[in-house]
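Down below is the structure, laid out as structure tokens.
The values are calculated or read from the model by the stated rules, or taken from the named source; none is laboratory data. If you're wondering where the values come from, they're calculated on a predicted model, not measured in any experiment. A quick note on method: Cβ atoms are made from the backbone with ideal geometry, for glycine too, and the neighbour counts reach across all protein chains shown.
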Amino acid sequence: MKHFIKLICVAIFIFMGLLYWSINSTDKQFKKVELINIENVSTFNFKNVDSVIITASTLYKADDIKKLMQGKHYRKAWETPIKVPVVYLDSLKGGMKVLKQGGGKQTHSLKLESKNGVKYTLRSINKDPKALIPDLAKTLGLENIVVDGISGQHPYGAVLAAELAKIAQVLSTNPKIVFVPKQEILDKYNNKFGNRLYLLEYETDSKTNWTNYSKVVEIIETDDLQELKLTLKQQLSIDKSALIRVRLFDFLIGDWDRHSKQYGWVLKKNGNNYTAIPLAGDRDNAFFKTEGIIPSILSSKHVVPELQSFEKEIDFMPGLVYPFDRYFLYNTPKSLFIAQAKKLQQLLTDKAIDNALNIWPKAIQALDGNDITDKIKSRRRDLVIYAETFKKVIDDKGLVKEPLKGSEKLELPQALLQCFDCN
């Protein structure tokens, strides 16, 4: 009964806080990106310039009281102007064609393909979480609280994560920051996608190999890998060492949102056998912060256990272990986890971590660089312990009982539904 009363009190406190600060917030509208030194965006000829100075968003400005309640987060980074290259799709990488609009509840994205068949994605840096707002919140006028939570994401975190991934010898989609003006090739997508700031990155599926690996058949997504397993059976395996390394890397950079749809697989053929190497995409939540009274309550292990703030220590590993981990890594030897933790410790030296910051504009480095690198170094020191705990949580939780996210429509035998190597 005491526990129940505590939960009720917390719920009331959260509700009252949300209601008060949403009513008093001045940030009521979603805003487009702001262009600095361009007086009229709609008539400006971007073909006369090769870059623009731009802010990701001015939506997250806040006074001291709002910062206390909802967190300081990365508000300064969102509103700090940076220099960004201007790209036209008809000439980018020899010319791109637009395939379709991408999914996602927060990120506007376009799927592209180059002339050599390599697939790319334009992912909007500025998020639009309107689809995530519950009807009750809309009724009570609490939309701004949900919108403001995006300030906990670093607008350029994915770029730094990719630079660190190179050092860690982990595959990534290599995102680059670009500005896409309105242009004819966008056609029906021009009004929605033109004049916006994006991450341009490789897709996690592609018929054409863009990686440095040889003998690659194609790059596929997790559900396709599962279907392929039905046919190839023991001829198909995954690189478990590579998967453990990428998951430990996720822990180092505080990327808590890692379900099965956020990984592709580079499929290599060796004689009659195939090996799938994991490819991580969608790094929006790298270095995620949950500061402030309200976010700190919501990120409690008793409320939303997977929503963990990027701090110097990981304090609740069970919240970070996904069905994806259990599906691919259940019953994997502990020695592999320890070996990959030590490998990352060797690769990610202090100097290498500090040098990775150079991928960011100097203004962004000055704002967040030291804080982020200090936390990575702290987590690195305890990485062997995290690896052992990761292994234990996987084994304790056991085999998965439901289809992985994105695989719900697959007709899989019970053994393959539970784990990749159960056949």
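Anything in segment 349-391 that is assigned to a helix (DSSP H, G or I) and polar (S, T, N, Q)? List them, or say none.
So in segment 349-391, the residues assigned to a helix (DSSP H, G or I) come out as 350-359, 362-381, 383-391.
Of everything in segment 349-391, those that are assigned to a helix (DSSP H, G or I) and polar (S, T, N, Q) turn out to be Asn355, Asn358, Gln365, Asn370, Thr373, Ser378, Thr389.
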Here the qualifying pairs (Cβ atoms under 7 Å; residues six or more apart or on different chains; first in segment 234-261 and over 27 Å from Lys377 (Cβ atoms); second among the charged types (D, E, K, R)) come out as Leu236/Lys229; His259/Lys405; Ser260/Lys405; Lys261/Lys405
Can you tell me how many residues in segment 144-168 are at pLDDT 95 or above and of a type in the set (Ser, Thr, Tyr)? 1
Of all residues in segment 191-248 being polar (S, T, N, Q), surrounded by 14 or more Cβ atoms within 10 Å (Cβ to Cβ) and not in a helix (DSSP H, G or I), which is nearest to the chain's Cα centre (by Cα)? Thr204
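Table: residues versus (1) closer than 30 Å to Glu218 by Cα; (2) at pLDDT below 90; (3) not small (Gly, Ala, Ser).
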position	(1), (2), (3)
Gln235	yes, no, yes
Arg245	yes, no, yes
Leu248	yes, no, yes
Tyr274	yes, no, yes
Ser309	no, yes, no
Asp315	no, yes, yes
Leu320	yes, no, yes
Thr332	yes, no, yes
Lys342	no, no, yes
Selection over segment 262-274 where residues are buried (at least 18 other Cβ atoms within 10 Å of the Cβ) and either without any contact (Cβ under 8 Å) to a residue 12 or more places away in the chain or among the β-branched types (Val, Ile, Thr) (or both) yields a count of 1
Filter pass, Asp257 being modelled with pLDDT of 90 or more and under 17 Å from the mean Cα position of the chain (by Cα): no
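Please count how many residues of segment 39-50 are in a loop (DSSP other than H, G, I, E, B) and at pLDDT 85 or above.
We begin by selecting, within segment 39-50, every residue in a loop (DSSP other than H, G, I, E, B); these are 39-45, 49-50.
Within this subset, residues satisfying the condition of being at pLDDT 85 or above are 49-50.
Adding up the residues that qualify gives 2.
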Please go through (1) assigned by TED's automatic domain parsing to the domain that holds Val49; (2) outside any loop (DSSP other than H, G, I, E, B); (3) under 30 Å from Glu79 (Cβ atoms) for Leu164 and return the number of the only condition it doesn't satisfy. (1)
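What strands (runs of 3 or more DSSP E), lying completely within segment 51-143, carry at least 3 residues that are over 30 Å from Ala366 (Cβ atoms) and either at pLDDT below 90 or in the same structural domain as Phe179 (by TED's automatic domain parsing) (or both)?
Numbers: elements: 51-55, 82-85, 96-101, 109-114, 119-124.
Because the criterion is at least 3 residues that are over 30 Å from Ala366 (Cβ atoms) and either at pLDDT below 90 or in the same structural domain as Phe179 (by TED's automatic domain parsing) (or both), the strands (runs of 3 or more DSSP E) in segment 51-143 that meet it are 96-101, 109-114.
Mind listing just one residue for me: the one in segment 392-423 that is among the acidic types (Asp, Glu) and either outside the structural domain of Asp223 (by TED's automatic domain parsing) or not in a loop (DSSP other than H, G, I, E, B) (or both) and, of those, surrounded by the most Cβ atoms within 10 Å (Cβ to Cβ)? So that I can check it myself, show each step before the final result.
Residues of segment 392-423 among the acidic types (Asp, Glu): 395-396, 402, 408, 411, 421.
When the remaining residues are screened for being either outside the structural domain of Asp223 (by TED's automatic domain parsing) or not in a loop (DSSP other than H, G, I, E, B) (or both), the result is 395-396.
Numbers: Asp395: 14, Asp396: 10.
This residue is Asp395.
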Exactly one condition in (1) more than 17 Å from Pro181 (Cα to Cα); (2) assigned to a helix (DSSP H, G or I); (3) modelled with pLDDT of 90 or more is not met by Tyr20; state its number. (3)
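Out of curiosity, is Gln365 among the polar types (S, T, N, Q), modelled with pLDDT under 95 and either within 22 Å of the chain's Cα centre (by Cα) or over 18 Å from Ala161 (Cβ atoms) (or both)? If you could, list the steps in order and put the result at the bottom.
Values: among the polar types (S, T, N, Q): yes; modelled with pLDDT under 95: no; either within 22 Å of the chain's Cα centre (by Cα) or over 18 Å from Ala161 (Cβ atoms) (or both): yes.
So Gln365 fails the test.
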